[in-house]
Amino acid sequence: MGSLVETIAQELLAAEQSCQPVAPITERFAGLEASDAYRIQLKVLEKKLDSGRAVIGKKVGLTSLAMQRMLGVNEPDYGHLLDNMLVSNNGTVEVNRLLLPKVEAEIGFVLGADLQGPNVNYLDVLMATEYVVPTLEIIDSRIADWKIKLVDTVADNGSSALVVVGDQRTRLAGLDLRSVGMAMYKNELEVGNGAGAAALGHPAHAVAWLANKLHEFGISLKAGELILPGALSAAVAVQEGDVVTASFGALGAVTVTFR
């Protein structure tokens, strides 16, 4: 299995660097399980860290029941956020560096204390959170035409590509994230809306799930990390010329332009 993990990791790394997708992993390598896919993801991460990249956070995906049913799973998945994935608010993204990008709006958590599983609950997450920020996750798939199953997306870093972080930082005191509303606009037309409860009932539940899942791999969430707990509405495809904004009411807004 070690050599296969290395082979697929190299493929995914080359696909990202060249913007040339690979055929679905699950169609070419039968019998791979989610645990194998996480090993592939961590091997890709290891190679990126060796090249000088740094981890700035994590992302949780598949937090909606609809997405879980689509991929035939009963729990979320996760990926890593690296320093070269960060885009500033009102920033610009070159479409030609991506394959088939889509955008999701999420309430980002910035931790003020470490979180280590296996018994983290959502109250622990709230206590450890320094503030929340409005974010847009730009997802992309190095798997051709988004023909993914769970193993494909997990191996491919949870299909994550970039993250845009808004400027406003909001403390949690007196704030119920379940009822925080979000409206997403593409070129000033509303293309999605939702509330914090869309992420496992409360986005802090998603962060707690992540801390406990990472314990299986000897990884913890670190103070200062940005954690994306899952989308509040369906992903929206984008192309050159699009401008996407997500407004989170009292939490502020975040915007990105594609060119």
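Filtered by the rule that a residue be in a helix (DSSP H, G or I), under 16 Å from residue 140 (Cα atoms) and in contact (Cβ under 8 Å) with a residue 40 or more places away in the chain, segment 1-21 gives 12, 15, 16. Out of segment 118-145, which residues are in contact with a Leu (Cβ under 6 Å, 6 or more places away or on another chain) and over 21 Å from residue 172 (Cβ atoms)? Residues satisfying the conditions are 138, 140, 142. Of the strands (runs of 3 or more DSSP E) lying entirely inside segment 85-142, those carrying at least 3 residues that are more than 18 Å from residue 57 (Cα to Cα) are 91-93. With respect to residue 137, determine if the residue is over 18 Å from the mean Cα position of the chain (by Cα), acidic (Asp, Glu) and under 20 Å from residue 103 (Cβ atoms). Criteria not met by residue 137. Residues in segment 237-259 that are surrounded by fewer than 18 Cβ atoms within 10 Å (Cβ to Cβ) and either farther than 19 Å from residue 203 by Cβ or not aliphatic (A, V, I, L, M) (or both): 237, 239, 240, 241, 243, 249, 252, 255, 257, 259. Reported count of residues in segment 154-191, each being of a type outside the set (Ser, Thr, Tyr), in a strand (DSSP E or B) and closer than 23 Å to residue 56 by Cα, is 5. With respect to (1) at pLDDT 95 or above; (2) closer than 29 Å to residue 194 by Cβ; (3) not β-branched (Val, Ile, Thr), the lone exception for residue 34 is condition (1).
Okay, residues lined up against (1) modelled with pLDDT under 95; (2) in a helix (DSSP H, G or I); (3) out of contact with any Asp or Glu (no Cβ under 7 Å at 6 or more places or on another chain); (4) among the aliphatic types (A, V, I, L, M):
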site	(1), (2), (3), (4)
193	no, no, yes, no
205	no, yes, yes, no
211	no, yes, yes, yes
214	yes, yes, yes, yes
218	yes, no, yes, no
227	no, no, yes, yes
254	no, no, yes, yes
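Checking each residue in segment 59-84 for being within 21 Å of residue 33 (Cα to Cα), of a type in the set (D, E, K, R) and in contact (Cβ under 8 Å) with a residue 12 or more places away in the chain picks out 59, 75, 77. When residue 8 is tested against the conditions (1) at pLDDT 95 or above; (2) over 15 Å from residue 153 (Cα atoms), the lone failure is (2). Where residues in segment 85-115 are buried (at least 17 other Cβ atoms within 10 Å of the Cβ) and not hydrophobic (A, V, I, L, M, F, W, C), which of them is farthest from residue 198 (Cα to Cα)? Out of the qualifying residues, it is 89. Could you tell me whether residue 81 is under 25 Å from residue 153 (Cα atoms) and of a type in the set (A, V, I, L, M)? Taking the combined requirement at face value, the residue satisfies it.
Of the residues making up segment 178-194, those that are buried (at least 18 other Cβ atoms within 10 Å of the Cβ) and among the small types (Gly, Ala, Ser) are 183, 192, 194.
The values are calculated or read from the model by the stated rules, or taken from the named source; none is laboratory data. Treat the numbers as computed from the prediction; the structure is a model and nothing was measured. Here Cβ is always computed from backbone atoms with ideal geometry, including for glycine, and neighbour counts include all displayed protein chains.
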